1. I need every pair where a residue in segment 28-39 that is more than 13 Å from Asp57 (Cα to Cα) has its Cβ under 9 Å from the Cβ of a residue that is open to solvent by 70 Å² or more (accessible area, probe 1.4 Å) and not hydrophobic (A, V, I, L, M, F, W, C), sequence separation at least 6 or different chains.
2. Pull up segment 1-27, narrow it to residues that are in a loop (DSSP other than H, G, I, E, B) and touching a residue at least 12 places away in the same chain (Cβ under 8 Å), then point me to the one that is least open to solvent (accessible area, probe 1.4 Å).
3. Could you check segment 37-54 and list, in sequence order, the residues that are open to solvent by less than 50 Å² (accessible area, probe 1.4 Å) and in contact with a helix residue (DSSP H, G or I) (Cβ under 7 Å, 6 or more places away or on another chain)?
4. Could you tell me whether Ala30 is modelled with pLDDT of 95 or more, open to solvent by less than 60 Å² (accessible area, probe 1.4 Å) and small (Gly, Ala, Ser)?
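The values are calculated or read from the model by the stated rules, or taken from the named source; none is laboratory data. As the structure is a prediction and not an experimental result, all values here were calculated from the model. Note: ideal-geometry Cβ built from the backbone for every residue, glycine included; neighbour counts use all protein chains shown. Heavy atoms of the whole protein, side chains included, go into the accessibility calculation; ligands, DNA and RNA do not. Shrake-Rupley method; radii C 1.70, N 1.55, O 1.52, S 1.80 Å.
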Amino acid sequence: MLDRLLNAREVAEILHVSPATVLAHSGPKAVAPVLACVKIGGRKLYRQPDVRQFIEDCLVRHATKFRVSA
């Protein structure tokens with residue numbers, strides 16, 4: 001069974017950001033890291049696994065930036 005697709009508002013609630021931030025990270029002019037989306041009827045919708053991958057991409061990016069050396 002397929003997971004339910006989420007809209008930008010729902011993803012924004014999960015990520016604790018604005019819907020505008022979600023939209024800025026998806027689509028052809030997206031800022032990095034990119035959040036994959038499905039465009040249906042002019043609406044951008046998001047698969048739950050893609051949202052999880054986006055969170056992982058953000059964690060890796062920031063974790064390496066703040067690495068502490070011993």
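1. Every condition considered, the pairs that remain are Cys37/Arg47; Val38/Arg47.
2. Taking the candidates together, the pick is Ser26.
3. Tyr46, Val51
4. no
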